[in-house]
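The values are calculated or read from the model by the stated rules, or taken from the named source; none is laboratory data. Predicted model only: the values in this text are computed from it and were never measured. Using ideal geometry, Cβ is built from the backbone for each residue, glycine included, and neighbour counts are taken over all protein chains shown. Areas reflect the complete protein model, heavy atoms only, side chains present, ligands, DNA and RNA absent. Shrake-Rupley method; radii C 1.70, N 1.55, O 1.52, S 1.80 Å.
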Amino acid sequence: MCTSRKQSGFTLVELMITVVIIGILAAIAYPNYEDYTRRANRADAQAIMLENAQFMERYFTTNGTYVGADLPKQQSPESGTAKYSITLSPAATATGFTVQAAPAGGYADSLCGTLTIDQTGAKTEDGDGELSDCWKS
């Protein structure tokens, strides 16, 4: 008497099709994820830069000069590994300042590079992108 058993499981072809589909989805999703995290890190740095610029204006109102001010927040994010180093560059003068956020610790943002904002609110970037790509109004 011959008994046949029905085998359950996946064939090699089914497994390979699944692997190919996962690979295609990963190839699409990972670059989008990287872009999203860069934009989020950039937005965090910009928020800290604006807070520092507001601090500088309050300092000027109190002291009549920007000279002698130290930025309260010098990295982005505020805790953990720095993605951006935030400095006064060049040093503040009696009538002006420039807050600069430069990628730090091996972090790279080729689209925007180093971001700056000065006492007039003028914003710049030195990357490959356009100012409108880096500073959203």
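Considering the range 101-117, and only residues there that are surrounded by 22 or more Cβ atoms within 10 Å (Cβ to Cβ) and either under 16 Å from K73 (Cβ atoms) or among the charged types (D, E, K, R) (or both), the residue that is modelled with the lowest pLDDT turns out to be D109. If you filter the range 63-84 down to residues that are among the hydroxyl-bearing types (S, T, Y) and assigned to a loop (DSSP other than H, G, I, E, B), you find that the one that is surrounded by the most Cβ atoms within 10 Å (Cβ to Cβ) is Y66. For A108, the test of being of a type in the set (G, A, S) and outside any loop (DSSP other than H, G, I, E, B) is failed.
The residues in the range 34-62 that are of a type in the set (S, T, N, Q) and surrounded by 12 or more Cβ atoms within 10 Å (Cβ to Cβ) can be counted, and the count is 3.
Checked against the criterion of being of a type in the set (A, V, I, L, M) and either under 20 Å from A104 (Cβ atoms) or in contact with a Pro (Cβ under 6 Å, 6 or more places away or on another chain) (or both), the range 72-82 has at least one qualifying residue. In this structure, is A29 open to solvent by less than 100 Å² (accessible area, probe 1.4 Å), within 30 Å of T114 (Cβ to Cβ), free of Cβ contacts under 8 Å to residues at least 12 places away in the same chain and among the aliphatic types (A, V, I, L, M)? Answer is yes for this residue.
Taken over the range 90-105, residues that are farther than 16 Å from R42 by Cβ and either in a strand (DSSP E or B) or within 23 Å of the chain's Cα centre (by Cα) (or both) amount to 3.
Between T18, T87, the distinction of being without any contact (Cβ under 8 Å) to a residue 40 or more places away in the chain and in a helix (DSSP H, G or I) belongs to T18 only.
No other residue among A92, A104 is under 20 Å from L50 (Cβ atoms), aliphatic (A, V, I, L, M) and out of contact with any helix residue (DSSP H, G or I) (no Cβ under 8 Å at 6 or more places or on another chain) apart from A104.
Look at the range 46-68: where a residue is on the phi > 0 side of the Ramachandran plot and modelled with pLDDT of 95 or more, no partner that is open to solvent by 40 Å² or more (accessible area, probe 1.4 Å) and hydroxyl-bearing (S, T, Y) sits 6+ places away or on another chain with Cβ atoms under 7 Å. Of all residues assigned to the range 112-128, at least one qualifies as being in contact with an Asp or Glu (Cβ under 6 Å, 6 or more places away or on another chain), in a loop (DSSP other than H, G, I, E, B) and of a type in the set (A, V, I, L, M, F, W, C).
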